[in-house]
Amino acid sequence: MSALNMSAPARSAPTEIVAAALFLIAACGVALAQGAPPPAVTVSPVASRKVTEVGDFVGRVVAIDKVDIVARVPGFIEQRNFTEGQHVKKGDLLFQIEQDTYKAAVDQQTASLAKAKATEVNANLQLQRAQALVKNENVPQSTVDQLSAAEQSAQADVLQAQALLEQAQINFGYTEIRSPIEGRIGLAVFTVGNLVGPTSGKLATIVSQDPIYVTFQASEADVIEYRNRVAASVDKNPHVTVHIKLPDGSEYAHPGITNFLDVQVEADTDTVTARAQLPNPDGVLIPGGIVGVSVERGAPSLALMVPQSAVLLDQAGRYVLVVDDAKKVEQRRVTTGTDQGKDVVITDGLKEGEFVIVEGIQKVRPGQTVAATVVPEN
């Protein structure tokens, strides 16, 4: 029994040492915490600005005019008078097909017309003589009738020869293939020396550049909202302004105006095709390309905005960290609207003039005191 009493104090000594060590560590931690400066953060004020509500869509760039150049008469290509990719004007000579055969056809039909006209003149003179003689009964009436028919046949031959000459001249003109529109011309499918004709397919393609179309698919709900807005507007203007975002994320410099809404819904997508026309003086928009389309919905209105860097997301939704007048951090749930460049619209959860943390968010937690610096305005 005495041995047990002696061993009990021996075991309590380490416990006292551990307790003392833990007390010293806690005391040091409290001291360090009380002496450490508050974390530094950068805040931005919640500002009220005029913004325009927009709808975002995916659009495709479409040329207003697109023409496949084809040969209308057969022949060998003698000239190609353009550089692939260059800008061409309406009426510019693009290809020339060998002309000798068609020039000879024009000469032949010119001669045929001249011969037909001479025959007509002779038939007319004979008819006039017969008509003068028939009055004195020097020739029978049947002869006059035959000569009248011959004259009418000669007139028909003149008309036929003239038509054949015009056709020969048209074919001769087709040996010069000119641009029907203004735009940029693509790759030449055939080079000089190739035999081409109406069945050869396209020789090259020309697409217009300025102005240009952008088409996009709008849902039926978007169309209904658009029509209700137009009906409620004072001027009843059916056209709305659109802005384009390029594939690299930059904003296209020239806004456009919608000018067409399809008359039927596409059954496979339940959407309606809308189209806008935009200026394209520098050729930035290339037909066939994919772009972002933002459609303005109504007039500008005041809205609260904060930088996008201030808005965080967790399982419960979006929130921001607000710094109050006592420099303490508060977590605030917010409802966001549309993006406006580097900012985002806040529809609920904040008031104008409050400060939200935009830098140093990872260093703080709700309830903590911070040293806040207001971000300088641009």
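Numbers for the structure displayed
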quantity	calculated
Test: residue in region 253-269 that is surrounded by fewer than 16 Cβ atoms within 10 Å (Cβ to Cβ), part of a helix (DSSP H, G or I) and free of Cβ contacts under 8 Å to residues at least 12 places away in the same chain	no
Of all residues making up region 329-360, the number that are out of contact with any helix residue (DSSP H, G or I) (no Cβ under 8 Å at 6 or more places or on another chain) and at pLDDT 85 or above	20
Qualifying residues in region 344-370 (those that are in contact (Cβ under 8 Å) with a residue 40 or more places away in the chain and farther than 30 Å from residue 36 by Cα) - the one surrounded by the fewest Cβ atoms within 10 Å (Cβ to Cβ)	351
The one condition in (1) of a type in the set (Asp, Glu); (2) modelled with pLDDT of 90 or more; (3) more than 60 Å from the chain's Cα centre (by Cα) that residue 120 fails to fulfil	(2)
Number of positions in region 340-362 that are among the aliphatic types (A, V, I, L, M), farther than 27 Å from residue 245 by Cβ and assigned to a strand (DSSP E or B)	1
Odd one out for residue 249 among (1) in a loop (DSSP other than H, G, I, E, B); (2) farther than 30 Å from residue 333 by Cβ	(2)
Qualifying residues in region 197-216 (those that are closer than 25 Å to residue 84 by Cα and among the polar types (S, T, N, Q)) - the one surrounded by the most Cβ atoms within 10 Å (Cβ to Cβ)	209
Residue that is out of contact with any Asp or Glu (no Cβ under 8 Å at 6 or more places or on another chain), modelled with pLDDT of 90 or more and within 16 Å of residue 45 (Cα to Cα), where the choices are 322, 311	311
Total residues in region 67-110, condition part of a loop (DSSP other than H, G, I, E, B), within 18 Å of residue 198 (Cβ to Cβ) and not charged (D, E, K, R)	4
Residue match in region 160-174 (condition: in the same structural domain as residue 82 (by TED's automatic domain parsing) and either assigned to a loop (DSSP other than H, G, I, E, B) or at positive phi (or both))	yes
Qualifying residue in region 50-58 (condition: at pLDDT below 95, acidic (Asp, Glu), surrounded by 15 or more Cβ atoms within 10 Å (Cβ to Cβ) and closer than 30 Å to residue 252 by Cβ)	yes
Top-ranked residue of region 128-152 - restricted to ones that are surrounded by 13 or more Cβ atoms within 10 Å (Cβ to Cβ) and small (Gly, Ala, Ser), ranked as nearest to residue 93 (Cα to Cα)	150
Test for residue 219: is it over 23 Å from residue 89 (Cβ atoms), over 19 Å from the mean Cα position of the chain (by Cα) and either of a type in the set (Asp, Glu) or surrounded by fewer than 16 Cβ atoms within 10 Å (Cβ to Cβ) (or both)	no
Filtered residue count, region 234-252, keeping only those that are among the polar types (S, T, N, Q) and surrounded by 12 or more Cβ atoms within 10 Å (Cβ to Cβ)	1
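For (1) closer than 26 Å to residue 63 by Cβ; (2) outside any loop (DSSP other than H, G, I, E, B); (3) touching a residue at least 60 places away in the same chain (Cβ under 8 Å); (4) among the hydrophobic types (A, V, I, L, M, F, W, C), each residue gets a yes or a no:
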| position | (1), (2), (3), (4) |
| --- | --- |
| 158 | no, yes, no, yes |
| 177 | yes, yes, yes, yes |
| 190 | yes, no, yes, yes |
| 225 | no, yes, yes, no |
| 229 | no, yes, yes, no |
| 239 | yes, no, no, no |
| 243 | yes, yes, yes, no |
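The values are calculated or read from the model by the stated rules, or taken from the named source; none is laboratory data. Since this is a predicted model, take the numbers as computed values, not measurements. Positions of Cβ are generated from backbone atoms using ideal geometry, with glycine treated the same way; all protein chains shown enter the neighbour counts.
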